[in-house]
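Step one of this worksheet: look at the structure below.
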Amino acid sequence: MRKKLIYIRDWNQLPPVLTVQEVAMLMQTNEQVIRKYAREKLIPAVKFGKSWRFEKNALREYMEGGKALEIA
């Protein structure tokens with residue numbers, strides 16, 4: 001199955017909470033890298049059960065080079 005790329009024209013198009021897969025596509029990397037960065041607190045994330053979740057506004061701030069907010 002081929003992955004669908006996410007092209008962001010407007011951050012408002014994204015849901016308020018993103019999954020590992022969505023963030024990996026958004027950042028053009030693989031899911032293992034995103035999980036590693038989340039574990040090491042290199043990107044703003046929260047562990048929800050066995051999976052990671054990423055708050056859209058905190059991730060946007062991180063990606064735009066601002067100070068990443070800790071949401072956990």
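The values are calculated or read from the model by the stated rules, or taken from the named source; none is laboratory data. What you see is a predicted model, and the numbers here were worked out from it, not measured in a lab. Every residue, glycine among them, receives a Cβ derived from its backbone with ideal geometry; neighbour counts consider all protein chains shown.
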Residues that are crowded, with 19+ Cβ neighbours inside 10 Å and not in a strand (DSSP E or B), drawn from segment 44-57:
PRO44, ALA45
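What residue, of TYR62, TYR7, is in a loop (DSSP other than H, G, I, E, B) and either modelled with pLDDT of 85 or more or among the aromatic types (Phe, Trp, Tyr) (or both)? Give the derivation first.
Values: TYR62 fails: in a loop (DSSP other than H, G, I, E, B).
From the options TYR62, TYR7, the qualifying one is TYR7.
Would you please name the residue that is surrounded by the fewest Cβ atoms within 10 Å (Cβ to Cβ), looking only at residues in segment 11-30 that are of a type in the set (S, T, N, Q) and assigned to a helix (DSSP H, G or I)? Let's see the steps before the verdict.
Initial filter on segment 11-30 (of a type in the set (S, T, N, Q)): 12-13, 19, 21, 28-30.
Filter once more, so that each one left must be assigned to a helix (DSSP H, G or I): 12-13, 21.
Values: ASN12: 7, GLN13: 9, GLN21: 15.
Within segment 11-30, the match that is surrounded by the fewest Cβ atoms within 10 Å (Cβ to Cβ) is ASN12.
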Among the residues of segment 31-43, count how many are surrounded by 12 or more Cβ atoms within 10 Å (Cβ to Cβ) and in a loop (DSSP other than H, G, I, E, B).
2
